[in-house]
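The values are calculated or read from the model by the stated rules, or taken from the named source; none is laboratory data. Please read all numbers here as calculations on a predicted model, not as lab measurements. Ideal geometry is used to build each Cβ from the backbone, glycine not excepted, and the neighbour counts take in all protein chains shown.
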Amino acid sequence: MSVRNLDFLSSPPQMYILQQKTNKTLFGGILFIIYIIIMLIISFFYILNFALNDKYNIKYSLYKGFESKKEEYNKNEDLNPLLNFSIDLKKMQFGNKRGGKITEANIFFAITDEKFNFYDKNSIISRTTSNFTVFLVYICFTDCNLEYDKSNYKDLVYYLNISYSGYKINHQNKNLPLERNNDKYTFYKEFYFNFDETTIYDVNWNVIKYKEERGMLHLFDNLLDKKYEFTAIDIDSIEQIRFKDGLEIENEEDPSIKIKFLGAVNMNNNHNQYGEYIRSKKSILDVLADIGALFSTLFSVFSFIFNFYSKNFDNYKIIKELSSNHEIFRATNPKIRRVFNSSSIKFEDIPLSKSNSEFSNDDNTIFNTCKTTPNNSKRISLKEEINLEQNYNNKSSGIKFIYFMLENICWNKRIKKEYNIIAICNNILSKYTSVETILYNQIIFENLLRDYIWNDDNLNKIGNNYLMKVLKTLIT
């Protein structure tokens, strides 16, 4: 198998076939109807999907590992916004008897900042994520370990519930897809502590960016100074560190008062990564473009399938028409017949030798010259010619559709008469309609005309052709 046989890209020369641009076949019509039905169904579902489902395409990307400019970014309100925090402290008794009952912690448990300023529970604290640390402490008046043994704190778990102003993402909101952090949307995290150990939580925050692709409208946005970019912030990850031996410090003013650190929650906004959403609006033009691309693709598939049939059937049809009735050469249309009998072409002035007459009879010449040409040879009338054509069609059995398809793939195709007929028709067309053959014959014919003496000079002029005359009348 030669590599050139894999060339499915070359296009055949554009020629008329059987006096038509294409040879219309029943199989081609059926394939086209199936193709149209399939595409109408697909187009309906594409348009229905566009009408009923989301109008925006969403892409998400996570950027991390770039050079951090922490101090510079923390000065930017969009990248380090001021949030409202609310802190509450609870204790939970776990065990078989009490079943995890949640109650308020006693007054000896307190919430402070890094400067030991006390926070009231459920109060609003406005801080940025880069400047906020919370400590959970227990105030002892004697020995913290002794109070721990007496109070049976072993079965208690304490947790801080930190609520903060969150954000809302609505990808299909055409006006505002991302509402930055505000008190309408409250998120929370819970941090658990034990009395006999110190637990430190590092809370890493992540910036969220939202961009909207507007295509060519983006040029006008720059001119009008409009920005379709939104930012928010949210917790990305939480890291936990535990110390078995709890940290205690004494009050400098009153040594009898000791402070035991149960843990801390430290906020970090390092700007070493951020998440980005990009959305683009779907339009009816996008749907039409997808449908058009599918039209083209499916049409190519159907054309590829039909080509296996048509290239064999067309060649067979041409040879059958040529050998059976010469329909493509005979002027059966009354208007065309009158042209051939017009006074501009005087056949009676053309002397025909015996050899020329015999040539006409053998090859079924295209002109009916019985009345205008003095010739003793026997001519066949139009009625008799039609009868011969009918007899030929009755005797010749048509080749079934399946043979034209299987001729391309059948291995033992030469054992069938039908395959041999198709092969011969293909060989005839490939031999006599090849460009190099036509060019060669045209050169030879041109040399022949140079040595030919015209009996009627009118026939030596292309302007005496009927169609050229019609064109000349339209132009003038």
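For segment 113-142, a residue qualifies if it is farther than 10 Å from F85 by Cβ and at pLDDT 90 or above, and the qualifying residues are T128, T133, F135, L136. For F295, the criteria (1) among the aromatic types (F, W, Y); (2) surrounded by 18 or more Cβ atoms within 10 Å (Cβ to Cβ); (3) closer than 19 Å to G29 by Cα hold in every case but one, which is (2).
Can you find, within segment 431-458, the residue that is nearest to S323 (Cα to Cα) among those that are within 44 Å of the chain's Cα centre (by Cα) and touching a residue at least 24 places away in the same chain (Cβ under 8 Å)? Applying the filter and picking the extreme gives T433. Considering segment 228-279, and only residues there that are modelled with pLDDT under 90 and among the hydroxyl-bearing types (S, T, Y), the residue that is surrounded by the most Cβ atoms within 10 Å (Cβ to Cβ) turns out to be Y228.
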